[in-house]
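Participant: This is the structure I want to talk about, given as structure tokens.
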Amino acid sequence: MPKVVDHEQKRKLIAESAWNIIEEKGIEHASIRAVAAAAGLSPGALRHYFSTQDELLLFIVDYYLTRGAARAEERLELSPVPMKAAKEILLLLLPLDADKRTAAGVWWIFAIRSLTSAALRTKKDELTDGLHGLTKAVLEILAEAKLLPSSADIQLETLRLAAIVEGLTILALLRPEFYTPGTVERIVVRHLQELCPMPASCDR
């Protein structure tokens with residue numbers, strides 16, 4: 001009787017093997033051959049699931065970044081204090097621990113490759129749209145608490161806040177000695193305070 005193969009379980013094993021290589025050695029070492037060896041497969045068997053490295057990278061991003069972010073959001077209990085809730089959402093997006101730094105490194109490799117890969121472009125757009133959705137949610141929290149001036153351009157501030165998050169992500173990866181978790185948090189808080197009409201009101 002032929003052996004029944006659980007393809008979803010096998011794809012999960014491959015994704016986990018690839019992620020372990022990325023954490024230990026960097027994403028440049030997560031080749032089809034290396035991932036296959038780590039998963040106990042031949043390169044030919046792995047290509048049955050992922051024919052190219054881009055397909056493998058897409059699955060890794062979807063498995064770890066998309067699902068991981070969704071699970072983190074589900075577990076996050078936001079503070080009833082609007083300013084603190086806004087800060088909590090933004091800090092969730094930033095690479096302030098080892099796992100998030102690995103995820104951020106994968107995301108940036110993925111984003112750069114998506115510029116020349118149609119296979120990755122749709123997921124890149126989905127993830128950046130998700131970032132804009134979260135930064136807009138931050139502004140809506142502040143607006144509903146009447147902490148933003150009525151003249152605030154929500155669309156522009158959404159883009160500006162997303163740019164700050166992405167900029168801090170890159171700098172936290174490149175210069176962690178300067179952009180420590182504490183410094184990144186202070187920058188986030190300072191920006192949120194500057195969005196409010198009166199700094200004192202931002203503690204509400």
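Participant: Suppose R0 equals 35 Å; then what is the FRET efficiency for Thr180 and Leu156 from their Cβ-Cβ distance, rounded to the nearest 0.05?
Facilitator: Result of the calculation: an efficiency of 0.75.
Participant: Relative contact order of segment 88-204, please, whole-number percent, based on alpha carbon pairs below 8 angstrom and at least 6 residues apart.
Facilitator: Rounded, it is 31 percent for segment 88-204.
Participant: Say the cut-off is 25 Å between C-alpha atoms; which of Lys84/Lys123; Lys84/Lys146; Lys84/Lys124; Lys25/Lys84 go over it?
Facilitator: Lys84/Lys123; Lys84/Lys124; Lys25/Lys84
Participant: If you roll a 1.4 angstrom probe over the protein chains with everything in place, what fraction of the accessible area of the chain belongs to carbon and sulfur, to the nearest %? Present the calculation step by step, with values, prior to reporting the outcome.
Facilitator: On the way: 6540 of 11660 Å².
After summing per-atom areas, the C and S share lands at 56 percent.
Participant: For the chain, what does the relative contact order come out to in percent, with C-alpha contacts under 8 Å and a separation of six or more?
Facilitator: The normalised contact order for the chain reaches 20 percent.
Participant: Write down the accessible area per residue of segment 116-204 in Å², having rolled a 1.4 Å probe over the full set of protein chains. All intermediate terms of the calculation are to be shown ahead of the outcome.
Facilitator: On the way: 5190 Å² over 89 residues.
For segment 116-204, the per-residue accessible area is 58 Å².
Participant: On a full-extension model of 0.36 nm per residue, what is the gain between Arg190 and His29, subtracting their alpha-carbon distance, rounded to one decimal in nm?
Facilitator: 54.1 nm
Participant: Might you tell me the accessible area per residue for segment 1-51, computed with a 1.4 Å probe and given in Å²?
Facilitator: 64
Participant: Grab the DSSP H runs of the chain that are 4 residues or longer, score each as -39,500 (n - 2.57), total them, divide by all residues and round the 222 nm result to the nearest 500 deg cm²/dmol. Each step should come with its number before you reach the end.
Facilitator: Numbers: 10 runs with 142 residues, N = 204.
-22500 deg cm²/dmol, from helical runs alone.
Participant: When the scattering of the chain is computed by the Debye formula from its Cα atoms alone, each counted once and equally, what is log10 I(q)/I(0) at q = 0.09, 0.10, 0.16, 0.17 Å⁻¹?
Facilitator: Once normalised to I(0) and log-transformed, intensities are -0.42, -0.51, -1.05, -1.14.
The values are calculated or read from the model by the stated rules, or taken from the named source; none is laboratory data. Given the structure is predicted, the values throughout are model-derived calculations rather than measurements. Note that each Cβ is placed from the backbone with ideal geometry, even for glycine, and that neighbours are counted across all protein chains shown. All accessible areas refer to the heavy atoms of the entire protein, side chains included, with ligands and DNA or RNA removed. Shrake-Rupley method; radii C 1.70, N 1.55, O 1.52, S 1.80 Å.
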